[in-house]
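Bear in mind that the values in this text are calculations on the coordinates, not laboratory data. Keep in mind that what you see is a predicted model, and the values were worked out from it rather than measured. Glycine also receives a Cβ, built like all others from the backbone with ideal geometry; neighbour counts cover every protein chain displayed.
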Amino acid sequence: MAQQVLGWAGSRRLLRVLRDIMKGGGTAQERLDQIVRLIAQDMVAEVCSVYVMRAGEVLELFATQGLKPEAVHTTRLRNGEGLVGNIALNARPLRLADAQNHPDFAYRPETGEDPFQSLMGVPILRDGRVLGVLVIQNATQRNYAEEEQETLETVAMVLAELVASGELVSAEESQSDTAALLPVRLPAIVLNDGLGLGRVVLHERGIVIRQTVAEDPEAEHDRLRAAVAEMHSALDELMRQANLAATGGEHEEVLASYRMFAEDRGWLNRIREAVNGGLTAEAAVQKVQNDTRARMAEVRDPYIRERLSDLDDLVNRLLHHLTGGDGGSASDQLPDDIVLLARTLGPAELLDYDRERLRAVVLEEGSPTAHVAVVARALDIPVLGRCRGALAEARAGDEALVDGDTGQFLLRPAESVRDSFAESMAARARRSALYAETRDQPPVTRDGTRINLFMNAGLLVDLPQLDESGADGIGLYRTEVPFMVRREFPDVAAQTRLYRRVLEQTGDKPVVFRTLDVGGDKALPYWRGSEEENPAMGWRALRIGLDRPVILRHQLRALLRAAAGRELRIMFPMVTEVAELARARTLVELERGRARKRGEDLPSAIRVGAMMEVPGLLWQLPQLFQTADFVAVGSNDLFQYVFASDRGNPRLARRYDPLSPPGLRLLLELSQAARDAGVDLSVCGEMAGQPIDALALVGCGLRNLSMAPRAVPAVRATVRSLDLPPLARLVQQLAEAHDHSVRERLRGYARDRGIVI
């Protein structure tokens, strides 16, 4: 503790002098020159240098004490080049006693840095962006202490405000007037489907911190306590006004967990410690967030990384309360049709915007498990994620089109493209009207064949759509979603309550519960597995359940209790071989026997199914259909593995098509084998919800399709407009073709026959 107090004292002394320099006269360059001289003197370093990020991701030496003066504004490094570039690229500090033997060391003779052996550098960060790098060097080997790194990081915060002020580098230097006029089309993944047209609004989190050094630490602590209390009250009011809790969905849990995050003691204690170190409350909040971002940069777990968006949101709100703002968006100054563009977005930030004017959201990061995606689905707002380069290409006020059906973001579209998109939106509206008219009509083909249309769900908020869509039941209930939004593993009682609510809300319609499917890209925040090179084919889903049978048995126990007196359908994911399904069925029987001995009410019947996702099962079909009561094709994973094509990679999004001869042949043979065995076969992947894909599936012999709720009306209209016998003959022919894809041939067939697609 004494060492920490000593560190705080040194940090405060340095910050006080820096404050005087920042307040003094002279140009920004002159102040920067003074700062590097001061840091070198105070930290006993022969060299102190500041590199600033310029347009094109180039780091330019802007000031130095100890290197050759003529290198200033001459030496430039690419982002990632040398040790300085390494710090900028990874947004992580480096402490090296022998820098010249580091593999990333790059010698620049014009700087005269030959004699300097040790190096410590930290990124200059603001709002998660790297603005530059601050470096000190020594001629002898020096083992820099962690306290020295913390001091340098604190100083870098002061420099961040100087760089961000625009006094050193013009904010306009990286903008090209010519580029701003050109249309741009960027690929993305769909987090929530739909179409949106409007003007770009750049989501701004950044607040300029005018004072970083505290005059009175106790006064700063008082300001921090007051701002935290105000933020908590404002969050409660925001969520009350949003009125999302009325449906009792999992987005309520999302917002509740977000609210709990705002009270996290560890986070608040780190901020208080930074205030003790001599920073103002605002600077302390920003420093803690910079530190958190740096640590999180190395975390591969997508769920954990998504929680950083929630923390960014909270930091922004707390800074607004500290600086006298309200933490919300100036909606009255925004356009009537908003296409919101952000790197990441927290769930409460989405609620800041007027839902009547918000047309779509585009994120540079984001995943389907992001809290903002959960809330957006409840609000029916189209959302795209992983749209790389969107922030670099877009300007506030740009016209933008968001295609949440195909995963496309279009900026500054040509008039013809805009007109075509508007027609698509109008056609979508007409289709919606048609779907509403046929909502209560059964999905029966013109020749009288009944096709069962189920919906996929994973949130309680999805369940009202069962009646709204007219679906026949729930063909896939993803039980892992409630696990992923909680702070701890739910016990048997909590799971039982959830599953019982699902069954109560679905009435007499069937529900297929898929057991816990985590691992891979779906991680639990409270359960850390080991890092895997290929998590999609790693320790996940049923593999975890069989290796950790207590977890699976607890879930089965909860399902049996919740389904007392009615039929229970359980489906196991990622079944790789029939032996795994047999082991899973044994666990079901063990739990049923346990419940019977304890005198508990049992389900009236239990049906056990398997997900067909792993191609290896295709060579065990007779044994599979003897062991399973039903089988569901998970088309997303199955075709990903069949074609060795990562479905999350935008470059491969259209490289392979399930509607190709090999895809159709696989489905035809699988469907025939299921019919011969008398086992129900369904498809519950994305294919089932696309009208043209559903057309092919029905032609292949599938009679059970499960899809997103909003896709049910469209597929119903497709089914009701087709004649099955000629379609089946066409699909047989297409399966023998040599085409890369038969999608357009199916589309042409549908147009010629008047089939609604």
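Here are the numbers:
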{"quantity": "Convex hull volume per residue for region 2-164, taking Cα atoms only, in Å³", "calculated": "107 Å³"}
{"quantity": "Estimated distance in nm for a label pair at R225 and V492, the labels positioned 7 Å out from Cα along Cα-to-Cβ", "calculated": "4.6 nm"}
{"quantity": "Whole-Å distance, taken between Cα centres, linking region 342-357 and region 424-464", "calculated": "29 Å"}
{"quantity": "Debye equation applied to the C-alpha atoms of region 10-56, log10 I(q)/I(0) at 0.24, 0.26 Å⁻¹", "calculated": "-0.92, -1.01"}
{"quantity": "Rg to Rh quotient for region 440-753, alpha carbon positions, Kirkwood Rh", "calculated": "0.96"}
{"quantity": "Residues with amide H under 5 Å from that of F454, placed H, sequence gap 5 or more", "calculated": "D472, L705, S706, M707"}
{"quantity": "Residue-span extension gain [V58 to K597] - 0.36 nm each, minus C-alpha spacing", "calculated": "186.9 nm"}
{"quantity": "FRET efficiency estimate (nearest 0.05) - Cβ-Cβ, A728 to S432, R0 35 angstrom", "calculated": "0.75"}
{"quantity": "In sequence order, calculated HN-Hα J values of region 423-436 (Karplus, 6.51, -1.76, 1.60; Hz; x Gly/Pro)", "calculated": "5, 4, 5, 5, 5, 5, 5, 5, 5, 4, 5, 4, 4, 4"}
{"quantity": "Percent of beta bridges antiparallel (DSSP, region 355-476, rounded to nearest 5)", "calculated": "55 percent"}
{"quantity": "Potential extension, R439-Q149 segment - 0.36 nm per residue separation minus Cα distance", "calculated": "98.0 nm"}
{"quantity": "Prolate/oblate/rounded call for region 418-486, Cα gyration tensor, a/c under 1.5 rounded", "calculated": "oblate"}
{"quantity": "Inter-part distance where region 65-100 and region 573-598 are each reduced to a Cα centre, Å", "calculated": "59 Å"}
{"quantity": "Shape of region 33-122, Cα gyration tensor, a/c cut at 1.5", "calculated": "rounded"}
{"quantity": "Gain upon complete extension [D104, Q623; 0.36 nm per residue less C-alpha separation]", "calculated": "181.3 nm"}
{"quantity": "Pairwise label distance in nanometres, A582 with R501, each label 7 Å out on the Cα-Cβ vector", "calculated": "4.0 nm"}
{"quantity": "Amide proton proximity set for L131, modelled H, under 5 Å, gap of 5+", "calculated": "I124, L125, R126"}
{"quantity": "Per-residue HN-Hα couplings for region 273-289 [Karplus 6.51, -1.76, 1.60; θ = phi - 60°; Hz; x = Gly/Pro]", "calculated": "5, 5, 5, 4, x, x, 8, 5, 4, 4, 5, 5, 4, 5, 5, 4, 5"}
{"quantity": "Cα-projected label distance for D676 with R753, points at 7 Å along beta-carbon direction, nm", "calculated": "2.6 nm"}
{"quantity": "Cut-off under 5 Å, modelled amide H: who pairs with R607 long-range", "calculated": "L568, R569, I570"}
{"quantity": "Under the Karplus curve 6.51 cos²θ - 1.76 cosθ + 1.60, θ = phi - 60°, whole-Hz ³J(HN,Hα) for region 147-159, x wherever Gly or Pro sits", "calculated": "5, 5, 5, 4, 5, 5, 5, 5, 5, 4, 5, 4, 5"}
